[in-house]
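Asks: This is the structure I have questions about; it appears just below.
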Amino acid sequence: MPERYVVAKADEIPLGESKAVTVANREIAIFNLGGEYFALLNRCPHEGGPLCKGRRTALFESKRPGTFVTSRPGEILRCPWHGWEFDIRTGRSYIDPEKVRTRAYDVTVEPGERVAEGPYTAETYPVSRDENYIVVEI
């Protein structure tokens, strides 16, 4: 089971914005797309550019030269260094979708009460008394 980390309050990342956080020695970019949150490794696979600083744009599609249609505004991310494009929802690239991607992470938004309640468990060890000595077993 993957470990879970609380990284921010939901209102710390406004609509259309992003925030870089460090989790388990990884820098991760959290994106707010219309109230949905997505997380990508904050490193372009090309040369390591910080993806959270990239420009967000729409998806442009064309069925023939000279015409295009836009969709998914703000969901396509361009690396700020060399312009490689990634789908914020999946981490897949538009350079080579089958081979190039950045790591995407699952994100949930949970009420504070649920996060505070756990499930936390403390590691316990058997303790016994042997005459005048307390003995802990590890």
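The values are calculated or read from the model by the stated rules, or taken from the named source; none is laboratory data. Note that this is a predicted model, so its numbers are computed, not measured. Quick reminder, even Gly has a Cβ in these numbers, built from the backbone with ideal geometry, and neighbours come from all protein chains shown.
Asks: Would you list the strands (runs of 3 or more DSSP E) that sit entirely within region 33-82 and hold 1 or more residues that are more than 15 Å from Thr102 (Cα to Cα) and aromatic (Phe, Trp, Tyr)?
Replies: 36-41, 55-61
Asks: For region 13-51, give me each residue that is among the acidic types (Asp, Glu) and within 15 Å of Ala104 (Cβ to Cβ).
Replies: Glu27, Glu36
Asks: Can you tell me which residues in region 49-67 are under 18 Å from Ile95 (Cβ atoms) and surrounded by fewer than 13 Cβ atoms within 10 Å (Cβ to Cβ)?
Replies: Arg55, Glu61, Ser62
Asks: Quick one: count up the residues across region 60-84 that are within 18 Å of Phe31 (Cα to Cα) and in contact (Cβ under 8 Å) with a residue 24 or more places away in the chain.
Replies: Of the residues in region 60-84, 7 are within 18 Å of Phe31 (Cα to Cα) and in contact (Cβ under 8 Å) with a residue 24 or more places away in the chain.
Asks: Something else about it: Restricted to region 83-128, and to residues that are at pLDDT 80 or above and of a type in the set (S, T, N, Q), which residue is surrounded by the fewest Cβ atoms within 10 Å (Cβ to Cβ)?
Replies: Among residues in region 83-128 that are at pLDDT 80 or above and of a type in the set (S, T, N, Q), the one surrounded by the fewest Cβ atoms within 10 Å (Cβ to Cβ) is Thr108.
Asks: Please count how many residues of region 95-112 are assigned to a loop (DSSP other than H, G, I, E, B) and out of contact with any Leu (no Cβ under 8 Å at 6 or more places or on another chain).
Replies: Looking only at that region, the number is 12.
Asks: Name the one entry in Glu85, Glu47 that is of a type in the set (Asp, Glu) and in contact with a Ser or Thr (Cβ under 9 Å, 6 or more places away or on another chain).
Replies: Glu85
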